[in-house]
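First comes the structure, then the notes that go with it.
Each value in this text was obtained by applying a stated rule to the coordinates, not by laboratory testing. Keep in mind that this is a model prediction, so the values were computed, not measured. For neighbour counting, all protein chains shown are included, and Cβ atoms are generated from backbone atoms with ideal geometry for every residue, glycine included.
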Amino acid sequence: MRRTAILIGVNRYDDLAGLDSPHEDVRTIERVLKANGHYDRVQPLLDPTRNEAMEALETALSEGRPDDLLLVSFSGHGVKDKRGRLHLALRDTRRKRLETTALSAEVLKRLLEDSRMRSKVLLLDCCHGGAFADGFATRSAGGEEAEPLDLERQLSDGAGTYVIAASGALELAREGDNRAGVRPSPFSASVVRGLAGAATDSNGDGWIDAVDLYQHVHREVDHVEGQRVTVSSLGVRGSLILARHTGSVTAADLPKATGADGEGSTAATPTKGTGTPEEDGVRANRGVWGWGPYLDYLRDCLVKQSVLQQLPDASGRDAAVCDMGSEALLSRAEGRWRLTGRAEGLAREAVDESRLLRYGYPAVLFDPVRSERGRGRKAKLAPLFVMDVEVEEEDGEHFLVPVGEPELNRELLVSAAGLDEADIEELVTWFEVDWDGGEVAGLADKARMVCEKLDLARVDDLIAGELRTSLDVRHGARRGAQNAALLYRGDPAGAAVKQLLGDLDRKGGGIRVETIGRTALAALSDPHVIGDAAEAVLPVVTGRSNTAQEEILASAMSRVLTVATGAPGTGKSELITSVVTTAVAAGQSVLVASTNNTAVDEVVTRVNRLGPEADLMVRTGNQEHRAREPEILNALIAAEWGEADTATAHARLAIHQRGLDTGRDELAEVERTERRLALLAEARNRLRRGLPTAVAVSAFESTRDRIRWTRRVEASLESRWVGWWHRWSTRRGLGISGTDQELSDILAYLTTENEWWELRERSERGQGPEQTADRMRGLREERREAGTEYLLGRVAGSLRRGRTVIEGRLRNLASGQNGWKGMKALVRAVPAWATTSRSVRGVFPPEPGLFDLVVIDEASQCTVADLVPLLYRSRRALVIGDPYQLQPVNPMTAQDDRRILSVHGLPAVETEERSLSFSGSSAYHAAASAVVAGGGEVLWLDEHYRCHPDIVAPVNRRFYGERLAVRTNSAALAAAGDPAVRWIDVRGACERPGGRSCLNREEAESVLDLLRELWRSLPPEADIGVVSPFAPQVRLIEKKLGDGVGDRIRVGTAHRFQGGERDVVVISPTAAAGVHKSSGNWALQEQNLWNVAVTRARSRLYVVGDREYWAGRGGLLGDLATQEESRGEPVLDDANALLFEALVARGRAPKVDYRVEGYSCDLLVPGEHADTAVIIDRAGVGSTAAPAPGRALQRTLDRAALFASVSGLNTVRVPAWRCLSEPEAVAEQLSAR
């Protein structure tokens, strides 16, 4: 993939008025593309001649390959010829010689048509630039009225073009405020800010795509001094990647071209792991990325993380006092300290056991606070200030040597002081800024200050120059800080982490580097293996599905790596179930894994409902689950599967699939036709008004007349020798003076009319899209039965063939051999398995490609270290996550991470840019970056089924770019209320109990009042969740509620609710006016936390807090606080306004934006017997996204069907082109209902 940008800015013209901002537009865009864009070439063209611009564009488009991207930015004038055809004016453009001195739209069309490139983006910073989007002319150099010119018609064959324009077809664009020096235009300045990182990375792949950029620019510039930012997507499929999202470690380098005609990649070529471990190590020492060093790096990070999360038991043998007299290491008084006594013995044991050592001062004895982490009350011992150390041996003596920087012990802050994350970050920042560590006295002063901040008792005077030689850890000893230095060793890990460490051990029975190339893991290092890996298979869907799910399913069954964004409530479990059933029916093995037990169990339950008396999917993992394996296997071979006619079921499924494919093609054709008609309808109306007064439209009514007059007018304008005769004949026939302007107006109208009537005839053929959609719904329902029959038949056959293997496994289990023996054969006989990610090694050997497919759910909560062994065990992978949900909790700092990278010789920048760093990336981000690097795209689950529409609307806008189509059946919600979202304004006072965190008693009391009301008024089966980001607020509400509410009311932070949902959610933000700065800022920054909290609510959402405070803070809570004020009155577009006017003229009284159960129709038309709801279908015109052909129409059809269901009203879809061209006829039909 090669990426090229051509930036054209024309200030100086030989024959046209000059401009001021275009050069600055080019310079600022050039800077941001070079900084963030990963472009192979950025070519600025300042005041180019026509030949110079043509050469640059023609070279880029003619040499481009299908997967290349071209970004063209133009800032300058647009000029029209006699026929109204657009020309981009360059420096040497002459008004009277446009064909040879300007770049015409026809030439641009030809260049786009002839190019193999499928990805082209045009940024048009010019007046009337929306003509590219809706069919009208661009900025005129002379300032006269713009002539209509339908450029979409000229560009429609240039597939893969995304156009963002600074203004609509009839609006003006603005130059920069150049009074105090030249500035870029508002549009270009916003483009630069967006590409520099201000635009939202909506799918979390680490890149800003064209849709992200448009949405950012639209928010900033739209309606500024009359501008209307417009967008047009012409034949675009998928994401057009423009720039890396700065500040994110989720963006990978895009692949360079390879092969005979391209340059080599900057990434290490041998990343497939074809070398030996020793070779990998040599490469690492040269700073080149390799699998061997990378696996070692992940192991060390896991060990480090595990140790950071550990605190030694006070009564254990993992800690020892360092009898050094005066503190030597933290104070930097000495570079090392000679070990003595018990500390030396502990250090030598740690070295022998390969366990990490940590050292610090002062030693703190404490009882862990009770928290959601579930710690007990066993006394712990840990230093307050801590650092990593290693042991050096010299002349038979052992020395303790620092290898890390001093830091506050985060785990102690949580466990001893019960600090919230906000307070920890504040304290750590203060510590890092204020730490000098220059002397012993300064160390003691710092220790005393921290103890005061934490309200931590000091058992001794903290005098770092006079350390104690022992500690009092007896039962009943006084808790607090003791004046002693402490050395302790970390346990490598708990059982689950030890399994993961075993998988990552390339030298001792884990991943074998030389075999990675045969697995899905290779996709993380070699982008060229991302593509198709298997033949497409027939989908076997036994539940409900939609088009987006089917697209992801097809990709997962054929491509090495598929990544999908699964926003809350978008049907992830349904998708994964379909993936499992399709894989099993195709004879393939599949493993579903997640860090979340709930997510795994949900899929297992869905799949196992399909079986007669046995589990089709084996739930394994921890010891308890593994103990059930014999029971599950015995049930499988004992079950009565019955006789299934798989051949007939397969044939029926094939018919259903062909029917769905045909239906999608039909909808795509209708959508294309209706979109084109909608664009032409507006052009038609304007062109008709621009015809000469003497010309009667009736002269062009028949097809024959239109063709005849089109030829005559063309000849009048173009014929060089006999043009005078044609002009005379035309003047006489139409009764006009025959100026070039009049002839151009007539020709533009006739050209549009010819296409209009051709499309009208096409639209009247065949059945309507409503019937097609109904047929497709029926096919999806029918295939569920056929899919279940086929699946069970295939499972039965697999069990018969694999009975011997299953019985052998049962014998092994009965004899106590519950290890890996026979597992490779077993997953062929019993192909569907599910487990949590860190239990994989306990069940499945680290065999490359053991499974045909692995599905990783909730991947945004999964670390890269968890991802690697899963991908290694599979040939293909589907990774599903959401970058706007809670991310993995990782106590490691970026400094720790980079230090470990350096130890293993890995390049930090490359590792981070590929989203492979342990502390800064999740499994989702790593996989998404790999897909983008391979030229693919992150797919979307884009239909939401959980929340009331009013609850999910602000989330959809803020986090997901309004990509989600809400399909919740709000009429069936258990606790429906009006309104669904309500803010209860409470201005309580914020406290900091113990000088930390945040507590709001007045707000808590208001929450309790609301809960009492809900307890009485809600249906008994409706459950309630109470969410606060601050643990003291959670504990206060829990205490006041008592134990009598059972599970009906659950209280916690957002982490407790991740993966769950409630009928009603009550949010207690806690922070209010007067809140401590650190707590308030932390609560504002944690936007993912608020996303989780809000999207747990199915029926109702209450926010109980200081409305004025949050309204001024922004973010999701700010959106909710200002939702009522910002809603405003609906603005009717042309289609809606014309139909409304026609209905009123017929004596009807239509209602605008009529709402029922959170959904709205465009118009509600009263009738004699029943009212009619009208949904106007704009065929995707003006849409920011670029969905697959037919998807925009499918969404409108689904919206109409859902509105009819929840409202009980007769609901009709009316194409926008009809409202624009024949509103009276539409009004008549609606009135007759």
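What is the helix-to-structure angle for 703-718, meaning the angle in degrees between its Cα long axis and the longest Cα principal axis of the chain, kept from 0 to 90 and rounded to the nearest 10? It works out to around 90 degrees. Neighbour counting of Cβ atoms within 10 Å sorts the residues Leu1101, Leu1014, fewest neighbours leading, into Leu1014, Leu1101. Remark: spin-label model distance Arg1155-Asp985 equals 1.9 nm, labels positioned 7 Å along the Cα→Cβ axis.
Each of Met1, Met823 was scored by other Cβ atoms within 10 Å of its Cβ. Listed from fewest to most, they are Met823, Met1.
Amide H contacts of Ser589 (H built 1.01 Å from N, in plane; Pro and chain starts excluded): Asp852, Leu853 sit under 5 Å, all sequence-distant by 5 or more or on other chains. Comparing Cα centroids, the stretch 1-58 and the stretch 901-937 end up 32 angstrom apart. Each residue of the stretch 605-617 was assigned a 3J(HN,Hα) from its phi angle through the Karplus expression (A = 6.51, B = -1.76, C = 1.60, θ = phi - 60°), giving 4, 4, 5, 6, 5, 7, x, x, 9, 8, 7, 6, 10 Hz with x at Gly and Pro. With a ≥ b ≥ c the root eigenvalues of the C-alpha gyration tensor of the stretch 615-657, is it rounded (a/c under 1.5), prolate (a/b larger than b/c) or oblate? Here the stretch 615-657 falls in the oblate category.
Calculated from the structure at hand, Kirkwood radius over Cα pairs in Å is found among (i) 33.9; (ii) 50.1; (iii) 45.7 as (i). Compared with the dominant Cα axis of the chain, that is its longest principal axis, helix 105-114 is turned about 50°.
In this structure, the amide hydrogen of Leu90, modeled 1.01 Å from its nitrogen in the peptide plane, lies closer than 5 angstrom to those of Leu103, counting only residues at least 5 positions away or on a different chain.
Taking the alpha-carbon centroid of each part, what is the distance from the stretch 658-692 to the stretch 88-123 in angstrom? The stretch 658-692 and the stretch 88-123 have Cα centres separated by 26 Å. Evaluating 6.51 cos²θ - 1.76 cosθ + 1.60 at θ = phi - 60° for every residue in the stretch 543-554, the Karplus couplings come out as x, 7, 7, 9, 4, 5, 4, 5, 5, 5, 4, 4 Hz, glycine and proline recorded as x. The 3J(HN,Hα) values that the Karplus relation (6.51, -1.76, 1.60; θ = phi - 60°) gives for the stretch 1080-1095 are, in residue order, x, 5, 4, 4, 6, 6, 7, 5, 4, 4, 5, 4, 4, 4, 5, 7 Hz. Gly and Pro appear as x.
Packing around the peptides 1226-1232, 699-705, taken as the average count of other Cβ atoms within 10 Å per residue, puts them in this order, highest first: 1226-1232, 699-705.
I'd like the antiparallel share, as a percent to the nearest 5, of DSSP beta bridges with both residues in the chain. Show your work: numbers first, answer last.
Numbers: 53 of 130 bridges.
The antiparallel proportion sits near 40 percent.
Ordering His925, His38, His218 from the fewest to the most neighbouring beta carbons within 10 Å gives His218, His38, His925.
Rounded, prolate or oblate, given the Cα gyration tensor of the stretch 1134-1231, with a/c below 1.5 counting as rounded? Oblate, because a/c is 1.5 or more while a/b does not exceed b/c.
To the nearest ten degrees, helix 291-308 and the longest principal axis of the Cα atoms of the chain are 60 degrees apart. In straight-distance terms, cross-link reach from Lys1077 covers every one of the lysines whose alpha-carbon lies under 26 Å from its own, apart from those fewer than eight places away in the same chain; here that gives Lys446, Lys453. Under 5 Å between amide hydrogens, built in the peptide plane, is the criterion, and for Val121 it picks out Leu70, Leu71, Val72, Tyr162 among residues at least 5 positions away or on other chains. Here the stretch 497-567 and the stretch 1007-1029 have alpha carbon centers that stand 42 Å from each other.
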